[in-house]
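Single-structure report; data block below.
Throughout, read-outs are computed from the coordinates displayed, never taken from laboratory work. What you see is a predicted model, and the numbers here were worked out from it, not measured in a lab. With ideal geometry, Cβ positions are generated from the backbone for all residues, glycine too; neighbour counts draw on all protein chains shown.
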Amino acid sequence: MSFFGNASGNNSKSKNREKYKELTLGIKQTVLERSKNRCQSCSKKLSGSNQPQFQHINGSKKDNRPENLRALCSECFGDNAPKENNFVLSSIKNIFSKK
Ligand SMILES: [Zn+2]
């Protein structure tokens, strides 16, 4: 994996951040093309019922540059960043936390 390799030379492009305030369809397509429509964690194919999820590498949801995004399957996305839509996992956790 070398997605982080050229990040240091891009400081002069900080104005471009304005362009990437929103995660648009075009940005998603760029990320998916780069990952060849596969989960960048487990390499599972993303299509149909396995909808791609987009994770912000630096944690900033206002930074939607393609290099700050990873395409993940819902399983890996849930593992990395538990969300409210991941209610199955959280309900399992609730069961185990009750003693
Ligand atoms: Zn995955």
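Of note:
- Gyration tensor (alpha-carbon) shape descriptor, the range 32-77, a/c threshold 1.5: prolate
- Electrostatic tally near K44: other residues with Cβ closer than 9 Å to its Cβ, Lys and Arg +1, Asp and Glu -1, net +1.
- Which of R70, R65, R34 has the fewest Cβ neighbours within 10 Å, and the rest in rising order: R34, R65, R70
- Ranking of F54, F96 by count of other Cβ atoms within 10 Å, fewest first: F96, F54
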